[in-house]
Each structure stands twice: as structure tokens, then as C-alpha cells.
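Colleague: One structure, pasted below without further comment.
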Amino acid sequence: MAAIRKSGGVVPYFWQGKLVDPRDDEFAEHLSLQRFRTIENAASEEVSVGWITPADPTGDNFSPEDLDGGIGTWLRFRIDKKSMPMKWLQIHRDAAEKARGKKMSAKERRELKEDLMDQLLPRVLPTITLVDALLFDDRKTVLLFATSKSAKEAFTKLFFETFSIQLEPADPLQSGMRSDINDELKHTLERVNPIRWPNTTLDNAKTRAPITDMPRPAPSVVEPKVAKKPQTETSASDSSQNESPPFEVDEAAGMSAETTSTEDALEAPVEAKMEDQQ
Amino acid sequence: MSQASQGVETHGFLGEEFLTWMWFKWETEGGEFTLSGGRIVGIAIDDFLTFAALTEDETEQTLRRGSPTRTEEARTALRQGHRLRKARLLIAEGERQWTATIDAPSLTLGGVKLPEDAEECESEMDRTADRAANWLALHEIVQALYRLFLKERLTSDYQSTGAEQQANWMAR
């Protein structure tokens, strides 16, 4: 078994309440109840998320020694995702349209897609993502070694399902509230406003404008999801976008990136292959 | 909205102020901090900076390679009142040195490089234990630095003391 990674991205979480002692057999039993279950032979597009150990990628064994991460507990979960390869769908549709000499109707396309999914999905192997975390029970802290939104959501959900404990991200608010600053400062923290630093490039005198507060950003309101109107005509590329599986894959395993931000571009090489880190 | 993203949305600016404060402390005081328990850590801004946009319509500015903190673009951004959104830091404690890119609004760490494995590590298990200790140490250093910042930032006279000094530095 290779050692835990020595580079990459990490997202810290805190929890409150009491977790099962990771040294107890009961801890491994909890993991076992939410173990990874294979979808290798599934005939539909689906995602499977569950615990495994660094020593056993199947999720069949949870020996306490396999969770030994020195001063922490080494957790690993696996995300398998099976989805229809859209290129195959496009090739078959192009061939069908060429053979009959005209475009297929939306209904015909749907039927062709359903037929192909029945035929091809049992033969498609799922993509696999392995994600590690280090849990420090005495500090009520867990470090997740993945930064993608999908991996974070999968992890917090799996953790809750396993231990009935809600993880809180160590963001600027939670990190402050969890720190040893006094209650008065914590009270101030909850209500503090951003500093508006003066723009001195606009000053034409030697005195600069005063420092002021600016309004604190309010949490955005989540709009209720509106059901999408069924599409009657889709192109091949439309089809691949609209019918993507319900789970965004983790960039860490070399699957499709969910964002192209500067940071992700910067981190891509170090997150590209987990095995490299080990 | 989940609680997970609420803290980032409402208090992400504090992470940005924290990162900018570390730059200020590094340039004006050398970047050495004494943490609780007498631990001394040193920080330096490395070769990657992103300035937060002042408004949603503005463009984020990223500077990378070389010494971006010394560039005219960086000084102009500070003079315009921009905060740091991301920066790659060198963090050292004793013999150990980490590099990490801090995403300020979430305080997550990207592109981390741990110190070299200890020479005493003879097995993969030893290496795991050593690295786990280094991951935790990095997390605790960042949290401790943030705590130092908060203790200064949340005092009632901050605007007339620490912020005033930082504003003068930003205006240079």
C-alpha cells in the first residue's frame, strides 16, 4: 500500500458532536455499512459512492490497520460513474441517417438512443475516482484531498450518511467561530463588514481618502428549480450536454473538468493523477 | 442554500483581507509570526497572485511567475484598494517548508507541496504518518495565522490603527 499523498489540494472541515472513536471496531462497522458497491454490470447510467480503504479498492474489507494514518485516520472513498459514451451515440445516429438519406425525427432519435443504451451500457466500464481524507478525531477536523464541488458534496453527504454528523467547511466564518478568540470578538465576527480600502490612484492631494466599511455580502437566495421543458429537437452536442449524468465527476481522476478557472488550471498537474501523489 | 457555502458568501471577504494582511505583514515586518505556544513560523508570498474584483462587473487580475508582488501591476492594484483573492505562499517552521495556494474566500489550500519526507521514514506506513503530521501542521498554521489576523481585525479601533497602517502601505 502506497503512502498518503504529499501534494495537491485540500479542503478542511470541522464537526461538532461526538464521532465514533476511529480506534474502535464500531468505526469500521459504520464505514462498512456505507461501503462502496460496484456498478460494473449496471445497464443504466448511474453513480456509486462509498467507502473503501487504501489497501482494498473493492470496499469488502475494513481492517482498522488499513485506516492507520499516523496521528490521523486515513479515509478513502470511491466514486464510480457509468455514462453513455456520446460519441458512440453520434456515430450510430449519423450512420442511420446516412443509410436512410434524411434526418431522423426527435422521436426516432430518442428511440435509437434508448436502444443503444440497452445494448452498450452493460459493456461500458465505469470511470473510477478515489478520494482520500485524513480525519483527526481529537481536533474534530477532517482534511479532504479534493477541491471539486462534486467531490466535496459527495464526501459531506457520505460522511453524514455514515456518522449522522454534518461537516462544516473551515471557511472564514467557521474558522473564526471555532478559534479561541473571545465571545465578544466572535459576536463582532458574525457582524463584521468589509473594509473599503481607499483608491489612492484617484487622489490628487497628498491626503488619502478615509478607510470606511462597506456592506457585507448577503447570502444569495436559491431560486426553486423550474422543470425544463422537454426538448423536441436536439443536436448531437446538445444531447451530450442535456443528458449528462447526474453527478459531476472529480477532475482529480482525469475526467472532465467542471471549471476552467485560473486556480484549476494552476492545480491541474498536481491533481491529475492520484497515483502520482502516492 | 447550504451552510457550506453561506460562510464563504457572507465572510469570504475576511479571507481576502487576511491574505492581503499577510502580504502587508511580510513586506513591513518580515513575515515572521509567533503563534500560540511560542511556535514561530515564517511566510512569504511566492509566484502567484490573484486580486479580487472590487465589483462583480470587474475583471479579476492574476499575476504569475517571477516576483509578482514587486510588479507595478500589483502596486497599482493595491493602490486601487483591491484585496488578494488567491496567493501562493511559502510557509516555514523550523526545518519544514510548505508551499500552498490559499483560496481566500474559502480558506482552502490548493497546489500544496509538503516538506520532504523525514529521513527516518523506512516504510510506506512511516511516510503516511509523517505526511499526515505535515498536512495537519499546515492546516493548523493557517488557522493560527488567521486567528492572529482576527484578533487584530475585530478590535473596535482597528480602522484607526492596523487598517490605517495597512492603507498607508497599500497607497505607497
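The values are calculated or read from the model by the stated rules, or taken from the named source; none is laboratory data. Here the structure is a predicted model, which is why all the values come from computation and not from measurement. Note that each Cβ is placed from the backbone with ideal geometry, even for glycine, and that neighbours are counted across all protein chains shown. Quick note on the areas: whole protein, heavy atoms, side chains included, nothing else; ligands and nucleic acids left out. Shrake-Rupley method; radii C 1.70, N 1.55, O 1.52, S 1.80 Å.
Colleague: Could you calculate the FRET efficiency of A:A55 with A:L202 from 1/(1 + (r/R0)^6), where r is the beta carbon distance between them and R0 is 56 Å, rounded to 0.05?
Modeller: About 0.35, to the nearest 0.05.
Colleague: Listed here are the pairs A:K6/A:K87; A:K87/B:K86; A:K6/A:K140; A:K140/B:K86; A:K140/A:K186; which of them are more than 29 Å apart at the Cα?
Modeller: Beyond 29 Å between Cα atoms: A:K6/A:K87; A:K87/B:K86.
Colleague: What does the extension gain come out to for A:I128 and A:A218, with contour length at 0.36 nm per residue minus their alpha carbon separation?
Modeller: Working it through step by step, the gained length comes to 28.6 nm.
Colleague: Label 7 Å along Cα→Cβ of A:R139; segment B:131-152 residues with amide nitrogen under 16 Å?
Modeller: Residues passing the 16 Å test: B:131-148.
Colleague: Can you tell me which of B:A52, B:A129, B:A74 moves the most in a GNM of chain B? Springs connect C-alpha atoms under 10 Å apart.
Modeller: Taking springs between Cα atoms under 10 Å, the residue moving most is B:A129.
Colleague: Label points 7 Å out from Cα along the Cβ direction at A:K186 and B:N168: separation in nm?
Modeller: Placing both labels 7 Å along Cα→Cβ, they lie 3.5 nm apart.
Colleague: I'd like the accessible area for B:K86: 1.4 Å probe, protein heavy atoms, all chains in place, Å² to the nearest 10.
Modeller: Taking all protein chains as shown, B:K86 has close to 20 Å².
Colleague: If each of B:E72 and A:A209 carries a label point 7 Å out from its Cα toward its Cβ, how far apart are those two points in nm?
Modeller: 2.4 nm
Colleague: Note down the nm distance, to one decimal, between modelled labels 7 Å out along Cα→Cβ at A:M177 and at B:C121.
Modeller: 3.6 nm
Colleague: Using a Gaussian network model on chain B with a 10 Å cutoff between Cα atoms, which of B:A77, B:A118, B:A92 fluctuates the most?
Modeller: Of B:A77, B:A118, B:A92, the Gaussian network model singles out B:A118 as fluctuating most.
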